[in-house]
Amino acid sequence: MTTAVGNLIVAAVPQRQTSVATGMNSIVRYVGGSFGSQIAASIIAFYTLANGLPTEQGFIVGLWVSAGVVAIGTVVSLFIPSRRATRPNKGLP
């Protein structure tokens, strides 16, 4: 999936900004993964037994929180304006 997203990013920005755009994509992906895994771990840790083992409820809550974040991200992404590709007019007035 990251290859497809990388191709979309390269196609969406001017050629001189490709490195900045792909770098920002990597940073956002890594930070999002770090926060996401830590939040999931915190939720699962909250629902542990006295012996330290996680309960099924922790995984269920973690799944629903993750699904909620994905749903919010999907709705937000629908409001991102699209950029139409324009072709340079070669020799046309």
Residues T3, T22 arranged by fewest to most Cβ contacts within 10 Å: T3, T22
Structure-based [θ]222 nm, the chain - -39500 (n - 2.57) summed over DSSP H runs of at least 4, per residue, nearest 500: -23000 deg cm²/dmol
(i) 33, 21, 11; (ii) 42, 14, 8; (iii) 25, 23, 12, with the label sought being that of the calculated semi-axes √(5λ) of the Cα gyration tensor in Å: (ii)
Angle between the chain longest axis and helix 2-12 axis [Cα atoms, degrees, rounded to 10]: 40
Degrees, to the nearest 10: 56-77 long Cα axis against longest axis of the chain: 20
In degrees, nearest ten, helix 18-46 long axis to first principal axis of the chain (Cα): 10
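Only the coordinates and a few stated rules stand behind these numbers; no lab work does. Quantities reported herein were computed from a predicted structural model and do not represent experimental measurements. Heads up, the Cβs are rebuilt from the backbone with ideal geometry, glycines too, and the neighbour counts pull from every protein chain shown.
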